[in-house]
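As structure tokens, the structure follows; a few thoughts come after it.
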Amino acid sequence: MVEVTCSALLFDLDGVLVDSTPAVARVWSKWAIAHGFDPEETVRQAHGRPSIETVRDILPGADFEKENEIILRGEIEDTEGVIPLPGARELLSSIPEDQWALVTSCARPLAEVRLKVAGLPMPRNIVTCDDVRNGKPDPEPYIKGAALLGVAPAKCVVFEDSPAGIRAGKAAGSLVIATRTTSSDSELEEAGADWILPAYDNLSVIRSDHGSNSLRLLLNL
């Protein structure tokens, strides 16, 4: 059992709170095939990053905004199989609204659609790719997420599933708990995850009863 004390929690969305992997794979595979790229490799590159950054990397010289809009529209329309990860709803309901934020590489409309389809609460505090200049693995998204809560990043714990997101959280100065949903343990460890959580059943969040607004996380690893 590992015990961690913090002031706030910062959650990625896809692969952390919702399982959208089939939808993401379908949309990106269709786009990759249309441009003559390997679908599996394209999906791997796209995971955990703003979609426009992936387009810039693998299709230089393209109309990035146009291509990104095609991908965004496809992901908004394709919600088949988008479900909450086991225990995610219960976990969020156990945390005060002002002590957690969503920090996702999704555009805001897509994040809102996936939360709604998955039946998860709309967060009071949210950072999307629309709110930052530099997306993950840059630390800017998590620095801004912590700022929304009025907490230093070093007093936050980040929940991530992708190497890019883990690197963003670590670069911001936060501890990072990784979920085993989309990447191998070796990839999570190489990116710098502090702990790998098997499932949310292995996590308990205890609120302080002494007015300190601290959270105690109990990880059964």
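The values are calculated or read from the model by the stated rules, or taken from the named source; none is laboratory data. Quantities reported herein were computed from a predicted structural model and do not represent experimental measurements. Neighbour counts are summed over all protein chains in view; Cβ atoms, including those assigned to glycine, are modelled from backbone coordinates with ideal geometry. Protein only, heavy atoms only, side chains kept; ligands, DNA and RNA dropped before computing areas. Shrake-Rupley method; radii C 1.70, N 1.55, O 1.52, S 1.80 Å.
Some points to look at:
- Filtered by the rule that a residue be open to solvent by 30 Å² or more (accessible area, probe 1.4 Å) and either in contact (Cβ under 8 Å) with a residue 40 or more places away in the chain or not in a helix (DSSP H, G or I) (or both), the range 24-51 gives Arg26, Lys30, His35, Gly36, Phe37, Asp38, His47, Arg49.
- Being within 23 Å of Leu110 (Cα to Cα), surrounded by 14 or more Cβ atoms within 10 Å (Cβ to Cβ) and modelled with pLDDT of 95 or more holds for only one residue in Asp131, Asp194, and it is Asp131.
- Considering the conditions (1) β-branched (Val, Ile, Thr); (2) in a loop (DSSP other than H, G, I, E, B); (3) over 27 Å from Pro123 (Cα atoms), Val55 is excluded by exactly one of them, (2).
- Residues considered: Leu115, Leu72, Leu102. Of these, the only one that is in a helix (DSSP H, G or I) and under 26 Å from Cys156 (Cα atoms) is Leu115.
- Residue match in the range 103-122 (condition: in contact with a Leu (Cβ under 6 Å, 6 or more places away or on another chain) and among the hydroxyl-bearing types (Ser, Thr, Tyr)): yes
- Filter result for Pro96 (closer than 24 Å to Val24 by Cα and either in contact (Cβ under 8 Å) with a residue 12 or more places away in the chain or open to solvent by 60 Å² or more (accessible area, probe 1.4 Å) (or both)): no
- Within the range 158-181, being buried (at least 19 other Cβ atoms within 10 Å of the Cβ) and in contact with a helix residue (DSSP H, G or I) (Cβ under 6 Å, 6 or more places away or on another chain) holds for Val158, Glu160, Pro163, Ile166, Arg167, Ala168, Gly169, Ala172, Ser174, Val176, Ala178.
Yes/no per residue for (1) open to solvent by 90 Å² or more (accessible area, probe 1.4 Å); (2) closer than 15 Å to Trp28 by Cβ; (3) out of contact with any Leu (no Cβ under 6 Å at 6 or more places or on another chain); (4) not aromatic (Phe, Trp, Tyr):
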| site | (1), (2), (3), (4) |
| --- | --- |
| Val55 | no, yes, yes, yes |
| Leu59 | no, yes, yes, yes |
| Glu65 | yes, no, yes, yes |
| Arg73 | yes, yes, yes, yes |
| Pro84 | no, no, no, yes |
